[in-house]
Structures are given as structure tokens and as C-alpha cells.
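A short worksheet on the structure shown next.
Please treat every number below as a calculation from the coordinates, not as lab data. All figures in this text were calculated on a predicted structure; none of them were measured in a lab.
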Amino acid sequence: MEERTKEIIDRVKELLFPILEEGGFELVDIEFVREPIGWVLRIYADRLGGGITISDCQWISERIGTLLDIEDLIPHSYNLEISSPGLNRPLKNRRDFERNLGTVVKIKTHEPMDNQRNFKGEVISTSENAVVIHDVSRNAKVEIPFENIKSARIDIDSLFNR
């Protein structure tokens with residue numbers, strides 16, 4: 001990620017946290033990307049306990065939009081989008097995995113573990129440094145350090161095939 005983009009995202013987070021806290025929301029992710037329509041600042045938020053509405057997104061958008069205009073952080077035009085993370089939300093930290101205990105997830109690692117980079121299994125537990133899943137391909141427990149997780153998401157197919 002370009003250094004300036006990272007600085008913008010970090011500053012947006014600082015401005016956003018008090019707004020989200022006031023509304024009882026949590027930040028899931030922020031993207032600042034160039035797309036065919038131009039630059040997009042995309043904020044994924046969720047309500048603590050789950051479930052965010054269109055009115056919630058509008059409420060967040062009005063507040064952060066005003067602050068971003070005042071702060072003038074982004075020197076060019078951009079589109080602001082506030083969105084629900086949806087079912088396919090990324091799992092980024094221990095809290096995300098704890099919230100999904102018993103759920104089947106797909107995890108890709110930076111470095112191979114036993115010659116494998118792709119894992120699919122039910123979240124069994126977490127620790128300070130790792131998540132433990134029951135890997136379906138090995139029929140075994142696998143502990144994956146958070147620092148080795150490149151990406152992780154809920155396995156949507158498993159939600160609908162229960």
C-alpha cells in the first residue's frame with residue numbers, strides 16, 4: 001500500500017472511531033482504492049452484536065463526510081461509501097474469529113504450513129497469537145498463527161449447506 005494511502009486510512013480511522021462508538025458500531029475495514037469511477041473511500045462498519053441498516057450507513061456517512069470535508073485530508077475528488085461487510089466479511093483479528101466459533105472458515109496463509117497454504121475448517125478456539133480450526137481435508141486440528149494469515153473469510157457455502 002502506498003504510504004500516502006496508508007496515512008489517509010490511518011487518519012480516517014482516528015476521525016471515525018468516536019463516530020462509530022457514539023452510534024454503537026464497529027469498524028470492520030477501510031479501503032481507499034482507485035476504481036474505474038475514480039477514487040473510492042470505502043468504510044465497512046457493523047453494529048456491535050451484528051446487523052447494520054441503510055439508515056445506519058447514512059448516519060455514519062453524514063458524520064464522517066462532514067469531518068472529512070473540514071479536515072480536507074484527501075487532496076482530490078473521491079466517492080465515500082459506507083457499507084455492511086456482508087456475509088463474506090474478512091476475518092482480521094482474534095475478535096472476528098471468536099465471534100465465529102463453530103463456523104467454517106477459509107484461510108490463506110503467507111507461508112506454507114506442512115506444504116499447505118489454503119485451509120478450510122471449523123473455528124474451534126483462539127489464543128492471543130493464533131486460531132485453531134478443525135481442518136476438513138486433514139480431519140485434524142490445525143493452529144494457524146494470526147501473523148501468518150494472509151486472508152480469512154467465512155465459507156459461505158457451508159452456511160447454506162447445513
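Overview of values
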item: Cα-based helix-to-principal-axis angle, 3-23 vs the chain, degrees rounded to 10; result: 90 degrees
item: Rg and Dmax of region 92-137, Cα atoms only, in Å; result: 10.2, 29
item: Per-selection Kirkwood Rh - the chain (Cα, Å, 1 d.p.); result: 17.4 Å
item: Dimensions (Å) - region 69-162, Cα atoms, principal axes, largest first; result: 54, 30, 22
item: Gyration tensor over alpha-carbon atoms, region 1-79, equivalent ellipsoid semi-axes in Å; result: 21, 13, 12
item: Interchain or long-range residues, amide H under 5 Å from D155's placed H; result: V104, V105, K106
item: Pairs of lysine residues in region 1-117 - Cα separation under 18 Å, sequence separation of 8 or more or cross-chain; result: 4
item: Folded to 0 to 90 degrees: helix 54-71 orientation relative to the chain principal axis, Cα; result: 60 degrees
item: For region 1-63 versus region 100-162, the gap between their alpha-carbon centres in whole angstrom; result: 27 Å
item: Measure of compaction for region 33-118 (Cα Rg per 2.2 N^0.38 Å); result: 1.43
